[in-house]
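One structure is given here, and the rest of the page talks about it.
Please treat every number below as a calculation from the coordinates, not as lab data. This is a predicted model, so every value here is computed, not measured. Positions of Cβ are generated from backbone atoms using ideal geometry, with glycine treated the same way; all protein chains shown enter the neighbour counts.
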Amino acid sequence: DPGRKELKSYELNNRTRAIDWAPNGVWVGALDGLFFCDTLSGEVEKILLPKLLESRIECIRSANSSTFFGTMGSGLVMKNSDTILQISKNEGLASNLVHELHLENDSTIWVATNNGLNLVLLKNGAVQIRTYNMKDGLQDNYISDVYVKDEKVWIGTKSGLFYMEKPNFEASRLPID
């Protein structure tokens, strides 16, 4: 077929877990960390700094000038220009093993972990986290996926699919569990 385009490949000798667009290229999450694929030059480079991004990158999402990386070991890592912010169990995340992310915007992030669903709110340099788990009525704490559409939060778990009404943001800013 003369109208068919040729399939191109980039050399990356590791299993790809996630991809997302970046300025002038593509972020690639793999079992051994983060890579950047320059789509103009065709070169692939491993990102060695910060160390937080050298573990398995399970998901990547971008909003405006921020990129969020869900890692298997370092929790949620946010990159904004030259600033790196880690949100982990130390900050209140349910687990450092992140399976999936859903960005409502660059300050409201839903984080699916193996120990609950987290609503992360970033405002004026402060981080607030609300965790949803079996105490809130979920059948399982292992959250494999999350998606927010209109006013519903869809939650994928090992026990099935659940949904809840999206919480009022002011109510979400109550003290952290």
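See the values below:
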item	result
Local electrostatic count, TYR142, Cβ distance below 12 Å [Lys/Arg +1, Asp/Glu -1]	-2
Debye log10 I(q)/I(0) at q = 0.12, 0.19 Å⁻¹ for segment 1-85, Cα point scatterers	-0.36, -0.80
Listed pairs LYS135/LYS158; LYS123/LYS152; LYS123/LYS158; LYS51/LYS149; LYS51/LYS89; LYS89/LYS158 exceeding 26 Å between Cα atoms	LYS123/LYS158; LYS51/LYS149
Nonlocal amide H pairs with ASN96, under 5 Å, H built at 1.01 Å	LYS89
Size of charge dipole - the chain - debye, nearest 20, with Cβ of Lys, Arg +1 and Asp, Glu -1, no other charges	220
Rg to Rh quotient for segment 82-175, alpha carbon positions, Kirkwood Rh	0.94
